[in-house]
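See below for the structure under consideration.
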Amino acid sequence: MNRILTYAAFTMFLSACTTMSPDECRVANWQQIGYRDGQNGSDPSIIQRYSKDCADAGVAADSDLWRKGFKQGTVLYCSPDNGYRVGKQGREYYGVCESEQFLSNYQLGRQEYLVQQRIAEIDRQIDDIDRQLSSFKESDQDKQKRNVLQSKRRDLVRERSLLLSPSYNINFSF
């Protein structure tokens, strides 16, 4: 039982990092590593890094087995619903899927991710402006700065509102 748990933990460890030790290279199950990399949508060039790490250790990486596993793993990764999830998480896509639906959903999710990132940035800018505004005195110079900041704050609030407004187009035809 311990051997199975150790192997499972070891395999997960291998898939989580991009470099391999000499010991990892010697015991590597290349098809399983490829499968996990494919399932995670990893950059296919990672096999080159594995090959270099293992060559430095005097071990040859089996890139054919890795590619076979990678192709099997991408079957799960490339599902259309996963495309949306990957995009919404802001993860990078390395062009490993042939499915146009995956890419379309990835782009939708990615767009939502970028909108959420922009909203968070706007919120930080508004908080910063509010802190600056609260520190001003009543002098004429401060009044001028206050007006500029208030104008910028209004623009940011307007942009935030636009980003939060749904932009659905529903068409019915009979």
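Summary of computed values
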{"item": "Residue match in the stretch 107-121 (condition: in contact with a Pro (Cβ under 9 Å, 6 or more places away or on another chain) and at pLDDT 95 or above)", "result": "no"}
{"item": "Flag if N147 is under 18 Å from Q39 (Cβ atoms) and assigned to a helix (DSSP H, G or I)", "result": "no"}
{"item": "First in the stretch 33-46 and under 11 Å from V75 (Cα atoms) and crowded, with 19+ Cβ neighbours inside 10 Å, second anywhere and at pLDDT 95 or above and among the polar types (S, T, N, Q), Cβ under 7 Å, 6 or more apart", "result": "Y35/Q72; G38/Q72; G38/T74"}
{"item": "Of all residues in the stretch 109-155 being among the hydroxyl-bearing types (S, T, Y) and loosely packed, with under 14 Cβ neighbours inside 10 Å, the one that is nearest to the chain's Cα centre (by Cα)", "result": "S151"}
{"item": "Restricting the stretch 50-73 to residues that are among the aliphatic types (A, V, I, L, M) and assigned to a helix (DSSP H, G or I), the residue that is farthest from the chain's Cα centre (by Cα)", "result": "A55"}
{"item": "Residue selected from the stretch 81-108 under the condition in contact with a Gly (Cβ under 8 Å, 6 or more places away or on another chain) and in a loop (DSSP other than H, G, I, E, B), by the criterion surrounded by the fewest Cβ atoms within 10 Å (Cβ to Cβ)", "result": "Q89"}
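Matching residues to (1) at pLDDT 90 or above; (2) farther than 30 Å from L164 by Cα:
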site	(1), (2)
T11	no, yes
C25	yes, yes
K68	yes, yes
Q89	yes, no
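The values are calculated or read from the model by the stated rules, or taken from the named source; none is laboratory data. All figures in this text were calculated on a predicted structure; none of them were measured in a lab. Using ideal geometry, Cβ is built from the backbone for each residue, glycine included, and neighbour counts are taken over all protein chains shown.
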